Amino acid sequence: MLVVGGSSSHELAKKIAKHRKVPYSSLKVGHFPDGETFVRFMKPVKGKNVVLVQSMVPPNQSIIEILFAAHTAKELGARKVSLVVPYLAYMREDARFHPGECISAGVLAKAIVPPLDFLVTVDPHLHRFHNLHKVYHVHVKRVTANGLIADHIKRHIKNPLVVGPDGESEQWAKQVAEQVGCPVTVMTKTRYSGTKVKVHFKDKVDYEGMHICLVDDIISTGHTLMQNIKHLRKMGVKKITCFGVHGLFVGDAYKELKRLKVDIVTSNTIPHPSNRLDVSGLLAEAIE
Ligand code: R5P
């Protein structure tokens with residue numbers, strides 16, 4: 001096996017190689033003056049089980065690298081090509097919301113699957129596609145960071161109450177709460193635009209004296225969490241920790257969230273200062 005780290009996932013790829021006690025190599029990535037991308041393997045891949053590790057951040061550039069690298073590995077005689085894609089982008093574009101729109105999740109899957117033998121990802125945003133197989137027609141494994149979030153809560157937080165910031169987060173929030181053995185509730189969110197959302201509790205919640213743990217899969221502009229935090233503060237809640245599996249933190253999202261005096265914990269599927277949950281062990285196990 002040879003673990004190859006793409007430009008967005010060098011550190012995570014090195015950790016995976018270390019867990020598996022196999023060699024590591026960084027994919028060389030460069031750009032031509034007109035912006036086109038080139039990639040190059042720096043160690044021979046012929047006859048190897050190549051494990052390419054690359055999160056889809058920023059989405060479009062990282063996807064081009066995946067396409068070029070995966071096809072090249074096969075052309076150069078790799079025995080198998082596996083893609084470890086800790087953050088799988090475009091999964092929220094899972095329907096034609098307006099006439100004429102592209103269902104990007106499906107088109108992306110069709111484009112990247114052909115050279116792959118295997119794909120592993122962490123908590124993909126499955127909503128209208130209930131199963132990764134419905135969109136990625138290749139041998140796939142889905143790893144979850146729920147256990148890491150639950151362990152963190154058990155170790156660091158007293159009187160936790162898990163809150164799912166919107167209906168789509170119910171699948172994560174409920175599982176985390178079950179593993180912690182604490183109460184859970186889910187907010188209802190209405191989205192008006194990419195950055196404008198409103199939230200409210202659909203259940204009557206006893207939050208008195210509780211430390212609220214907001215658990216979501218993706219933190220993008222941070223507006224979903226910001227609305228949740230503001231709502232909870234109005235209700236008198238003092239202690240809030242936000243958990244996100246994938247911290248994209250678009251623009252000033254992180255700064256704005258920190259301004260609301262909350263603790264923020266993410267996993268290292270996307271490198272960020274808030275990373276405190278290490279998924280490398282889970283991914284190393286998944287490529288067994
Ligand atoms: C969508 O439903 C996801 O689960 C997240 O809640 C969403 O992507 C967060 O986006 P933002 O941080 O931009 O509000």
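The values are calculated or read from the model by the stated rules, or taken from the named source; none is laboratory data. Values in this document were obtained by computation on a predicted structure and should not be read as measured data. Positions of Cβ are generated from backbone atoms using ideal geometry, with glycine treated the same way; all protein chains shown enter the neighbour counts.
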message: Being farther than 30 Å from Glu208 by Cβ and among the small types (Gly, Ala, Ser): is that true of Ala145 here?
response: no
message: Just to confirm my filter: which strands (runs of 3 or more DSSP E) fall fully inside the stretch 240-288 and include at least 3 residues that are within 12 Å of the chain's Cα centre (by Cα)?
response: 240-247
message: Here is a list: Lys154, Lys141. Which entry is charged (D, E, K, R), touching a residue at least 60 places away in the same chain (Cβ under 8 Å) and out of contact with any Ser or Thr (no Cβ under 6 Å at 6 or more places or on another chain)?
response: Lys141
Residues of the stretch 160-206 satisfying the condition of being surrounded by 13 or more Cβ atoms within 10 Å (Cβ to Cβ), part of a loop (DSSP other than H, G, I, E, B), more than 16 Å from the ligand (Cβ to nearest atom) and modelled with pLDDT of 85 or more: Cys182, Pro183
- line: Within the stretch 228-237, restricting to residues that are assigned to a helix (DSSP H, G or I) and of a type in the set (A, V, I, L, M), the one that is farthest from the ligand (Cβ to nearest atom) is Leu232
Criterion (within 25 Å of Val279 (Cβ to Cβ) and either in a helix (DSSP H, G or I) or away from the ligand (no atom under 16 Å from the Cβ) (or both)) met by exactly one of Leu225, Leu214: Leu225
query: When you look at Leu108, is it touching a helix residue (DSSP H, G or I) at 6+ places or on another chain (Cβ under 8 Å) and surrounded by fewer than 21 Cβ atoms within 10 Å (Cβ to Cβ), yes or no?
result: no
